[in-house]
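Have a look at the structure below before the remarks.
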Amino acid sequence: KRLVVLVSGSGTNLQALLDEIERTGAERYGARIVAVGADRDGIEGLARAGRAGLPTFVCRGKDFGSREEWDAALTEAVRAHEPDLVVSAGFMKIVGKEFLARFGGRFVNTHPALLPSFPGAHGARDALAYGVKVTGCTVHFVDDGVDTGPIIAQGVVEVRDEDDESALHERIKEVERRLLVEVVGRLARNGYRIEGRKVVIQ
Ligand code: GRF
């Protein structure tokens, strides 16, 4: 299976996928990354892709006159690589109708909280501020809401009294990277069905 991975930052989830595919081989893993896209330049995620010899593309919001034009450009940039599965690994933009029309049902996101708790751009920070004792991460299919699509898998992470946002987010990311690698491989190898809010991996 062909994966396109979308990033906006450090790209450690991308790196976890790259390392696993390197370790097990694309055949056994069931997928290989064919391109990496971002919504901004100069991020470590793109540098990681470059070091792995992967094609990259950038679709910056400010280069387009409207969200719809940006969405259309992103859709075309991803389509050009003919992915079977698109993975948002820290991609901090909300895709639009055209992207979902083309990739809905094969577009996966990872979020650093136990959805439906703490959706949005600051999952770890919001969980800490709320005072939950456990939080975690969620891998889900992207639908037309924000962090609201059908959940595929979740991992639980304890919150410690001494945690600040970065310590907690880093502890979440340790679980998140393993969960994403495991889920993407299973989706790619086994195939899956989405039945309402239920995801069935064969
Ligand atoms: C991940 O925790 C992701 O869930 C969140 O931002 C982080 C991205 O980390 N949206 P990285 O860029 O993969 O290191």
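Observations, loosely collected:
- Flag if VAL132 is away from the ligand (no atom under 12 Å from the Cβ) and either modelled with pLDDT of 95 or more or surrounded by 16 or more Cβ atoms within 10 Å (Cβ to Cβ) (or both): yes
- Scanning the stretch 98-121 for residues that are farther than 11 Å from VAL142 by Cβ and of a type in the set (A, V, I, L, M), we see that the one that is farthest from the ligand (Cβ to nearest atom) is ALA101.
- The residue pairs whose first member lies in the stretch 1-21 and is in a helix (DSSP H, G or I), whose second member is more than 14 Å from the ligand (Cβ to nearest atom), and whose beta carbons are closer than 8 Å, counting only pairs six or more residues apart or on different chains, are LEU17/LEU3; LEU18/ALA52; GLU20/TYR29; GLU20/GLY185; ILE21/TYR29; ILE21/ALA31; ILE21/ARG32.
- Per this entry, THR24 is counted among residues that are more than 16 Å from the ligand (Cβ to nearest atom), of a type in the set (Val, Ile, Thr) and either under 16 Å from SER88 (Cβ atoms) or at pLDDT 95 or above (or both).
- Search result, residues across the stretch 38-74 that are assigned to a helix (DSSP H, G or I) and over 20 Å from GLU22 (Cα atoms): GLY61, LYS62, ASP63, ARG67, GLU68, GLU69, TRP70, ASP71, ALA72, ALA73, LEU74
- THR148 being of a type in the set (S, T, N, Q) and either surrounded by 22 or more Cβ atoms within 10 Å (Cβ to Cβ) or at positive phi (or both): no
- Checking each residue in the stretch 175-191 for being touching a residue at least 12 places away in the same chain (Cβ under 8 Å) and either surrounded by fewer than 17 Cβ atoms within 10 Å (Cβ to Cβ) or β-branched (Val, Ile, Thr) (or both) picks out VAL175, ARG178, VAL181, GLU182, VAL183, VAL184, ARG186, ARG189, ASN190.
- Looking only at residues in the stretch 115-137 that are assigned to a strand (DSSP E or B) and without any contact (Cβ under 8 Å) to a residue 40 or more places away in the chain, the one that is nearest to LYS173 (Cα to Cα) is GLY136.
- Residue match in the stretch 75-97 (condition: under 20 Å from ALA188 (Cα atoms), within 16 Å of the ligand (Cβ to nearest atom), of a type in the set (S, T, N, Q) and modelled with pLDDT of 95 or more): yes
- Pick from the stretch 75-114, criterion in a helix (DSSP H, G or I) and touching a residue at least 40 places away in the same chain (Cβ under 8 Å), ranking: surrounded by the most Cβ atoms within 10 Å (Cβ to Cβ): VAL78
The values are calculated or read from the model by the stated rules, or taken from the named source; none is laboratory data. Predicted model only: the values in this text are computed from it and were never measured. Heads up, the Cβs are rebuilt from the backbone with ideal geometry, glycines too, and the neighbour counts pull from every protein chain shown.
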